[in-house]
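A.B. asks: If you scroll down you'll find the structure; I have some questions about it.
The values are calculated or read from the model by the stated rules, or taken from the named source; none is laboratory data. As the structure is a computational prediction, the values presented were derived from the model and not from experiment. Cβ placement follows ideal geometry from the backbone for every residue including glycine, while neighbour counts extend to all protein chains displayed. Heads up: the accessible areas ignore ligands, DNA and RNA and are worked out on the full protein's heavy atoms, side chains in. Shrake-Rupley method; radii C 1.70, N 1.55, O 1.52, S 1.80 Å.
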Amino acid sequence: MTSILPIPALAQFTAQTFTLRPDSKIVMTGDSAEVFWVASFLAARLRPATGFELPVRMQSRPESGDVLLEVAEAPGLGEEGYELSATPETVTLRAAGNAGLFYAAQTLRQMFPPEIESGLEQPGLAWTVQCGQIRDVPRYAWRGMMLDVGRHFFPPSTVKRLIDLLAYHKINVLHLHLSDDQGWRIMIESWPWLALHGGSTATNGDPGGFYTQDDYRDIVAYASQRYITVVPEIDMPGHTNAALASYEELNENGVAPNLYTGIRVGFSSLAVHKEITYQFVDDVVREIAALTPGSYFHIGGDETLSTTEEDYKYFIERVQAIVARHGKRMIGWEEVGKTRLEPGALVQHWWNKEVTARAATQGAKIIASPAGRTYLDIKYHDHTTLGQNWTGAFTEVRDSYEWDPSDSIEGVPDESILGIEAALWTETIFTEGNLEFMVFPRLCGCAEIGWSPREGRDWESYRQRLASHGKRLAKMGVQFYRSEQVDWD
Ligand code: TNX
């Protein structure tokens, strides 16, 4: 049985099958470089397990056994939608935009037997897909995940592996939380001590690290080839101990504190009334904006418990202008809803519905990240050794799936919701294995909430599809949490 996750908007299958063969080709009708890239990506994903050559060819029509990719006018599909049609002879992936074609390729991967994800040749298997028609478009434009590299640093290799897994689930935003009290994780050439000193350690005194500007560029490029926009976050004015420890002039009292390796929040603040602070913000935003082709810059703005409300407003409004001056749209955590927002601002909801509603009333679009549903560091249950449970509850797989952004934030109308983002905070998460265990399978549910029509999804069908999806994750070596709520086969 075909089981695609996120579930497509429309899909009809027949009893027939298409079979990939040793002489199959990936065919494109034109010579577009972007289509070639998607075709090559698909071939590269199908080659290891099948052992087939799967050459990419330009020819006017496919032959029996081929997979055809084409970009064509298709009303209603937008940039990200696609159609997939499988007959016993050929499979056709059609989209109006390259992103749509890429998502069609991701869907096709999921239509083969799970062994397709094996890195080693699997002889003797028939590489069949069930015939049928799919027409699929995303529900929300913003389907994201945040990774906190501030509390613990993760090397580019881990971030790239995560990017591949995000793309597999049709997620299109990677939000990197690049600075926090415990670490500053990106080189700023005009303030190098931020990374060199502020990035030297992590929570629990664990080893730190930072991305060079080349590392960051490389991550951004890798993501962008997979139709994922990187959103950089520098959290301000709180969550800044690593910066304050690196440059004494950023402190109200002019004294640099020690580096911090605990897990308290809300104790640090940039000096809101010193001009040097705005020179610092300008330099940081300028350098990161220049490295980031995406339209957004996230300024954090959360949990500023040691900043007065008046100072907070003053700071955010000045920083908002700096972000605009460097050509980016500002995103802030919901607390920025207390300030005067310029048109175009995006606000990320995590806890307080009332301030989120104030942002929506000002015209801001809302990204839904309610902590009790989308925070991937919240424990699954009382035996989960990793993670936290400050939300007052556990977040099992079912809890993370069975809710909907459109009626989860009172006072925020459906039209204001831009999408959904899951967040992995990493105070307790250090290794790649830790990360995968907390992220999967809850991220799969967030991906489906972000992509699939609300009417098309329910827990019973989801848990069955997830059981079969788990086989694919296992073939990819993902160390996911095997919840008792799912009958993993
Ligand atoms: C709240 S959510 C935070 C983070 C913590 C997280 C732990 C938000 C904007 N701030 O600083 O890491 O809880 O779950």
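A.B. asks: Report, ordered by the first and then the second residue, all pairs with beta carbons closer than 7 Å, sequence separation of six or more or different chains, a first member in segment 447-469 that is assigned by TED's automatic domain parsing to the domain that holds ALA167 and of a type in the set (A, V, I, L, M, F, W, C), and a second member that is open to solvent by 10 Å² or more (accessible area, probe 1.4 Å) and in a helix (DSSP H, G or I).
C.D. replies: These pairs meet every condition: TRP459/ARG398.
A.B. asks: Restricting to segment 25-75, name every residue that is closer than 24 Å to ARG472 by Cα, touching a residue at least 12 places away in the same chain (Cβ under 8 Å) and in a helix (DSSP H, G or I).
C.D. replies: Listed by number, the residues that qualify are TRP37, VAL38, ALA39, SER40, PHE41, LEU42, ALA43, ARG45, LEU46, PRO48, ALA49, THR50.
A.B. asks: Go through GLY124, GLY100, GLY132, GLY78 for me and flag whichever is more than 30 Å from GLY209 (Cα to Cα), away from the ligand (no atom under 16 Å from the Cβ), over 22 Å from the mean Cα position of the chain (by Cα) and not in a strand (DSSP E or B). I'd like the intermediate steps shown before the answer.
C.D. replies: Working: GLY100 fails: over 22 Å from the mean Cα position of the chain (by Cα); GLY132 fails: not in a strand (DSSP E or B); GLY78 fails: over 22 Å from the mean Cα position of the chain (by Cα).
Answer to the selection: GLY124.
A.B. asks: Need pairs with beta-carbon distance below 9 Å; first residue farther than 9 Å from GLU334 by Cβ and open to solvent by less than 10 Å² (accessible area, probe 1.4 Å) and within segment 344-356, second in a strand (DSSP E or B) and basic (Lys, Arg); sequence gap 6+ or separate chains.
C.D. replies: That search, which allows pairs on different chains as well, returns ALA345/ARG329; ALA345/LYS365; LEU346/ARG329; LEU346/LYS365.
Residue-wise test of (1) in contact (Cβ under 8 Å) with a residue 60 or more places away in the chain; (2) over 21 Å from ARG161 (Cβ atoms); (3) within 16 Å of the ligand (Cβ to nearest atom); (4) part of a loop (DSSP other than H, G, I, E, B).
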site: TRP403; (1), (2), (3), (4): no, yes, no, yes
site: GLU410; (1), (2), (3), (4): no, yes, no, yes
site: ILE420; (1), (2), (3), (4): yes, yes, yes, no
site: GLU436; (1), (2), (3), (4): no, no, no, no
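A.B. asks: Being open to solvent by 50 Å² or more (accessible area, probe 1.4 Å) and under 14 Å from HIS273 (Cβ atoms) is the filter here, so list the residues in segment 307-326 that pass it.
C.D. replies: THR308, GLU310, LYS313, TYR314, GLU317, ARG318 - these are the residues of segment 307-326 that are open to solvent by 50 Å² or more (accessible area, probe 1.4 Å) and under 14 Å from HIS273 (Cβ atoms).
A.B. asks: Mind listing whichever residues of segment 332-383 are touching a His at 6+ places or on another chain (Cβ under 8 Å) and not hydrophobic (A, V, I, L, M, F, W, C)?
C.D. replies: GLY332, GLU334, GLN348, THR356, SER369, PRO370
A.B. asks: From the list PRO113, PRO88, which residue is touching a strand residue (DSSP E or B) at 6+ places or on another chain (Cβ under 8 Å) and without any contact (Cβ under 8 Å) to a residue 24 or more places away in the chain? Reasoning before the result, please.
C.D. replies: On the way: PRO88 fails: without any contact (Cβ under 8 Å) to a residue 24 or more places away in the chain.
Criteria check complete, one pass: PRO113.
A.B. asks: Here is a further query. Specify which of the listed residues (THR201, THR240) is away from the ligand (no atom under 16 Å from the Cβ) and of a type outside the set (Lys, Arg).
C.D. replies: After ruling out the rest, the residue left standing is THR201.
A.B. asks: Going through segment 170-216 one residue at a time, which ones are buried (at least 24 other Cβ atoms within 10 Å of the Cβ), in a loop (DSSP other than H, G, I, E, B) and free of Cβ contacts under 8 Å to residues at least 40 places away in the same chain?
C.D. replies: Result: ARG185, single match.
A.B. asks: Pick out the one residue from THR356, THR395 that is assigned by TED's automatic domain parsing to the domain that holds MET236, within 16 Å of the ligand (Cβ to nearest atom) and under 30 Å from ARG482 (Cα atoms).
C.D. replies: Being assigned by TED's automatic domain parsing to the domain that holds MET236, within 16 Å of the ligand (Cβ to nearest atom) and under 30 Å from ARG482 (Cα atoms) holds for just one of THR356, THR395, which is THR395.
A.B. asks: While we're on this one: So which of LEU93, LEU108 is among the aliphatic types (A, V, I, L, M), within 21 Å of ARG472 (Cα to Cα), open to solvent by less than 10 Å² (accessible area, probe 1.4 Å) and over 20 Å from the mean Cα position of the chain (by Cα)? Can you show your working first?
C.D. replies: Values: LEU93 fails: within 21 Å of ARG472 (Cα to Cα).
Exactly one of LEU93, LEU108 is among the aliphatic types (A, V, I, L, M), within 21 Å of ARG472 (Cα to Cα), open to solvent by less than 10 Å² (accessible area, probe 1.4 Å) and over 20 Å from the mean Cα position of the chain (by Cα), namely LEU108.
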